[in-house]
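The values are calculated or read from the model by the stated rules, or taken from the named source; none is laboratory data. Every value quoted in this text rests on a predicted model; they were computed, and no experiment measured them. Cβ placement follows ideal geometry from the backbone for every residue including glycine, while neighbour counts extend to all protein chains displayed.
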Amino acid sequence: MDFNNGEILYFNKPLHWTSFDVVNRVRRVLCRHLDQKKLKVGHAGTLDPLATGVMILCTGKATKRIEELQYGVKEYVATLALGATTPSFDLEHPVDQTYPTEHITRALVEEKIAAFKGEIWQVPPVYSAVKVDGKRAFDYARKGEEVELKAKLLVIDEIEVLNFADNLLTIRVVCSKGTYIRALARDIGLALGSGAHLTALQRTRIAEVTLAQCMDVNEFIQQLQDQAKTEEA
């Protein structure tokens, strides 16, 4: 592989790692492998620390393709806990409010989920990297300051219920760039006359790149180390 000229790598982002953690780790290992101080490495599409799944990294001259790759359709599998919300609409923060769920049936879930297919207006979560007056929204949120975020027009190509039991709802979503699945969880909870937050999120596809094509970060590092030992021998 010619990492300086440009390579496109597919990884399965580990749980609790930030997207920058993946980029930083891969860059550091590649620089050591290539015996050089600098190397351009970037990613196409941020994943929250509590999300896992497909993450595309570009090295060297291939970083010019990041914007192009970011526009690929994304597919996610998300699990929502109904009847409770958190400030970030995932497990990063504790539950701040509970809601009734006795009225929620499978039929109601199917009906409300179907209404999200097509063009939707979505307000990003306050705990997000959206910029407001030069600062990230989460900077305001962490200081307890209120911030008004504007709704964005997005497209949900596909949305379906995979499982619903004991107030846990698992859905598959195919959507456009910029869709916040945490915000979708919030809006689904509201549509059901209750509340909701994510308990698990996995990105299963970006454009034609699927999980089956993705490498484990640590396995990739091990392969580079094994290659270096073979070359030395």
The listed residue being in contact (Cβ under 8 Å) with a residue 24 or more places away in the chain, within 22 Å of residue 213 (Cβ to Cβ) and in the same structural domain as residue 127 (by TED's automatic domain parsing), out of 78, 62: 78
Residues of the range 91-105 satisfying the condition of being at pLDDT 95 or above and either outside any loop (DSSP other than H, G, I, E, B) or under 18 Å from the mean Cα position of the chain (by Cα) (or both): 91, 97, 98
If a residue must be closer than 27 Å to residue 200 by Cβ and at pLDDT 95 or above, how many such residues does the range 30-49 contain? 2
State which residue pairs qualify: first residue free of Cβ contacts under 8 Å to residues at least 24 places away in the same chain and inside the range 1-22, second residue assigned to a loop (DSSP other than H, G, I, E, B) and of a type in the set (Ser, Thr, Tyr) in any location, beta carbons under 9 Å apart, and separation of 6 or more residues or different chains. 20/46
Conditions (1) at pLDDT 95 or above; (2) more than 10 Å from residue 197 (Cα to Cα); (3) outside any loop (DSSP other than H, G, I, E, B): number failed by residue 81: (2)
Among the residues of the range 11-28, what is the count of those that are surrounded by 16 or more Cβ atoms within 10 Å (Cβ to Cβ) and more than 18 Å from residue 77 (Cα to Cα)? 7
Unique residue being over 14 Å from the mean Cα position of the chain (by Cα) and not hydroxyl-bearing (Ser, Thr, Tyr) when the list is 201, 169: 169
Which one of these does residue 108 not meet: (1) under 19 Å from the mean Cα position of the chain (by Cα); (2) not in a loop (DSSP other than H, G, I, E, B); (3) not assigned by TED's automatic domain parsing to the domain that holds residue 15? (1)
